Amino acid sequence: MRIDVVTLFPELVGAVAQHGVVGRAISSGIASLQLWQLRDFASDRHRTVDDAPYGGGPGMVLKAEPMLAAIAAARAASDQPVRVAYVTPQGRRFDHAAAQVLAKRPRLLVLCGRYEGVDERALELAVDEEWSCGDYVLSGGELPAMVMIDAIVRLLPGALGDAESAVQDSFVHGLLDHPHYTRPQTLGGQAVPPVLIGGDHERVRKWRLQQALARTWRRRPDLLDGLNLTDEQQRLLDEYRTQADADGRCPALDNQE
């Protein structure tokens, strides 16, 4: 997959390609990242890319001309089809389902805004879709772009050392992830749940599924509203709720078998 990013701070976005899963995927050729410095497409000797907004008001607005020129250059750099994505709080929420869709594309071009935003005409003329990483405002689109890149690249075939890692992540099946444990077996008076060291893989599977359901119910019940639970999932969740009611609390079930 090829990812192009138009930004005023390419060195910031480039950091995502130097470490971890994304870095390894790029080194192995699974993905590539091309960065475009917006100032390179300014038409004056001062490399001006922003100006005061019409109608007055605080801050500056990124000009349409250099933005359109940068997008055109990025588009022309490869003959692969590409959709231009602008990261903005006004966009559609970027979530795991969105990452799955974007990961199936051969190419993505991400536009990072700054200041008060981008001249609306650039968006109308060149942007195909808008994405938001949350209902908050950041100084620019670079951090959301890096989040998107990381979430997308780790879904590409071969990006993870164990493909099962992506399958078992939170949100893959609409649920939060189950708890994880490693050595030592006892820490601070807390022991690893016996079911995880008993060697019964089916019991481990059911325990992890119930834990995922329980965590989702406790922490993000809104996620359950959009799911059609299987008979097994509903039974495990009902068992958890029954015990929570009996105990007058929400037990983690960590030590139950």
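At pLDDT 95 or above, under 30 Å from Arg107 (Cα atoms) and outside any strand (DSSP E or B), is that true of Leu155?
Details: at pLDDT 95 or above: yes; under 30 Å from Arg107 (Cα atoms): yes; outside any strand (DSSP E or B): yes.
Yes.
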Query - Residues being crowded, with 18+ Cβ neighbours inside 10 Å and either under 19 Å from the mean Cα position of the chain (by Cα) or under 15 Å from Leu108 (Cα atoms) (or both) - total across the stretch 1-19 - result: 9
Requested in this report: Hey, can you tell me all the residues within the stretch 176-189 that are loosely packed, with under 10 Cβ neighbours inside 10 Å and assigned to a strand (DSSP E or B)?
Outcome: Thr186
Report summary line: Conditions (1) among the small types (Gly, Ala, Ser); (2) over 23 Å from Ala151 (Cα atoms); (3) free of Cβ contacts under 8 Å to residues at least 60 places away in the same chain -> Ala98 fails only (2)
Report task. Sort out which residues of the stretch 17-72 are under 19 Å from Leu156 (Cβ atoms) and basic (Lys, Arg), and write them in order of number. Result -> Arg24
Requested in this report: Starting from the stretch 108-131, keep only residues that are in the same structural domain as Glu142 (by TED's automatic domain parsing) and in contact (Cβ under 8 Å) with a residue 12 or more places away in the chain, then list their pairs with residues that are of a type in the set (D, E, K, R) and in a helix (DSSP H, G or I) whose Cβ atoms are within a distance under 9 Å, requiring at least 6 positions of separation or different chains.
Outcome: Leu109/Arg75; Cys112/Glu142; Arg114/Glu142; Asp119/Glu65; Ala122/Glu65; Ala126/Arg75
Requested in this report: Among what's in the stretch 204-230 and is assigned to a loop (DSSP other than H, G, I, E, B) and more than 23 Å from the chain's Cα centre (by Cα), pick the residue that is surrounded by the fewest Cβ atoms within 10 Å (Cβ to Cβ).
Outcome: Asn228
Report task. Can you give me the number of residues within the stretch 121-137 that are hydrophobic (A, V, I, L, M, F, W, C) and under 12 Å from Arg92 (Cα atoms)? Result -> 2
**Report entry** Residue among Gly188, Gly198 that alone is at pLDDT below 95, more than 26 Å from Arg105 (Cα to Cα) and more than 26 Å from the chain's Cα centre (by Cα)
**Finding:** Gly198
**Report entry** Close pairs from the stretch 20-31: first farther than 19 Å from Arg107 by Cβ and in the same structural domain as Met146 (by TED's automatic domain parsing), partner part of a loop (DSSP other than H, G, I, E, B) and not aromatic (Phe, Trp, Tyr), Cβ under 8 Å, at least 6 apart
**Finding:** Val21/Arg154; Val21/Ala159; Val21/Leu160; Arg24/Ala159
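For (1) closer than 16 Å to Ala151 by Cβ; (2) touching a residue at least 40 places away in the same chain (Cβ under 8 Å), each residue gets a yes or a no:
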residue	(1), (2)
Lys63	no, yes
Arg75	no, no
Asp79	no, no
Arg105	yes, yes
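Filter the stretch 55-72 down to residues that are assigned to a loop (DSSP other than H, G, I, E, B) and in contact with a strand residue (DSSP E or B) (Cβ under 8 Å, 6 or more places away or on another chain) and give me whichever is surrounded by the fewest Cβ atoms within 10 Å (Cβ to Cβ). So that I can check it myself, show each step before the final result.
Of all residues in the stretch 55-72, those assigned to a loop (DSSP other than H, G, I, E, B) come to 55-60, 63.
With in contact with a strand residue (DSSP E or B) (Cβ under 8 Å, 6 or more places away or on another chain) added as a condition, the list becomes 60, 63.
Details: Met60: 14, Lys63: 20.
In this case the residue turns out to be Met60.
The values are calculated or read from the model by the stated rules, or taken from the named source; none is laboratory data. As the structure is a prediction and not an experimental result, all values here were calculated from the model. Note: ideal-geometry Cβ built from the backbone for every residue, glycine included; neighbour counts use all protein chains shown.
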